[in-house]
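Read the structure below first, then the notes.
The values are calculated or read from the model by the stated rules, or taken from the named source; none is laboratory data. All figures in this text were calculated on a predicted structure; none of them were measured in a lab. Positions of Cβ are backbone-derived with ideal geometry, glycine not excepted, and every protein chain shown enters the neighbour counts.
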Amino acid sequence: MEWFNVGNIVNTHGVKGEVRVLATTDFSEERFKEGNILYASKNGADEHRRLTVRSSRQHKQFILLTFNEIPSLTEAEALKGATLQIEKTELGELDEGEYYHYEIIDCIVYTDEGEKLGRVKEILTPGANDVWVVQAAAGGRDILLPYIEDVVKEVNINEKKIIAHVLEGLLPE
């Protein structure tokens, strides 16, 4: 079975079994809504604990969750450090021009003139648009590639290839 991370349980919150989650999904409202099934795994173990979301609310930069299966603070403490995951079958269909992070990671980026820039190694989600961190092919500093129409011209997931237009000042000196 293939698993996808949607959050990390970083701590408990209060005394009624609530946990503090740092979301790692673009779809927090959808992933953490009441009744959804999530799986908790610790330290990359193959064992997954099935959890049903009882409640979900935003608190600062965290999502606070309670689960039907976790009625107390003591049981919630056992989840600290766990990764919340979903099965691949739970991934929804995206609109054209939208991609899951796992589809973009490891793609090779080329300029629209054919020069190889490097490989996407990470995706940052700081605000209005994602920023793809490209490990430079020629070594040196990483290239921060904003995922905007003026820069990203073509994405071919099957070939793991991205064509980008390099705007002035985009490449590190």
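Would you confirm whether any residue within region 109-124 is in contact (Cβ under 8 Å) with a residue 60 or more places away in the chain and closer than 25 Å to HIS48 by Cβ? No - not one qualifying residue is present in region 109-124.
Has region 52-63 got any residue that is aromatic (Phe, Trp, Tyr) and assigned to a helix (DSSP H, G or I)? No, region 52-63 contains no residue that is aromatic (Phe, Trp, Tyr) and assigned to a helix (DSSP H, G or I).
Scanning region 85-111 for residues that are touching a Gly at 6+ places or on another chain (Cβ under 9 Å) and modelled with pLDDT of 95 or more turns up ILE108, VAL109.
Condition check for THR52 on (1) among the polar types (S, T, N, Q); (2) modelled with pLDDT under 95; (3) surrounded by 12 or more Cβ atoms within 10 Å (Cβ to Cβ): one failure, at (2). For region 1-36, the tally of residues that are closer than 18 Å to LYS80 by Cα, free of Cβ contacts under 8 Å to residues at least 60 places away in the same chain and under 19 Å from the mean Cα position of the chain (by Cα) stands at 5. Can you tell me which residue in region 108-128 is nearest to the chain's Cα centre (by Cα), limited to those that are exposed (fewer than 15 other Cβ atoms within 10 Å of the Cβ) and among the aliphatic types (A, V, I, L, M)? Result: LEU124. The residues of region 137-173 that are touching a Pro at 6+ places or on another chain (Cβ under 9 Å), assigned by TED's automatic domain parsing to the domain that holds LEU124 and over 11 Å from THR111 (Cα atoms), listed by number, are GLY140, ARG141, ASP142, ILE143, LEU144. Screening VAL131 on (1) within 20 Å of the chain's Cα centre (by Cα); (2) at pLDDT below 90; (3) not charged (D, E, K, R) shows it passes everything except condition (2). Scoring ALA23 on the criteria (1) under 22 Å from LEU124 (Cα atoms); (2) of a type in the set (Gly, Ala, Ser); (3) surrounded by fewer than 13 Cβ atoms within 10 Å (Cβ to Cβ) leaves a single failure, condition (3).
Could you look through region 26-49, keep only residues that are of a type in the set (Gly, Ala, Ser) and loosely packed, with under 15 Cβ neighbours inside 10 Å, and pick out the one that is modelled with the highest pLDDT? The qualifying residue modelled with the highest pLDDT is GLY35. For region 64-107, the set of residues classified as assigned to a helix (DSSP H, G or I) and surrounded by 13 or more Cβ atoms within 10 Å (Cβ to Cβ) consists of LEU73, GLU75, ALA76, GLU77, GLU90, HIS101, TYR102, GLU103, ILE104, listed by residue number.
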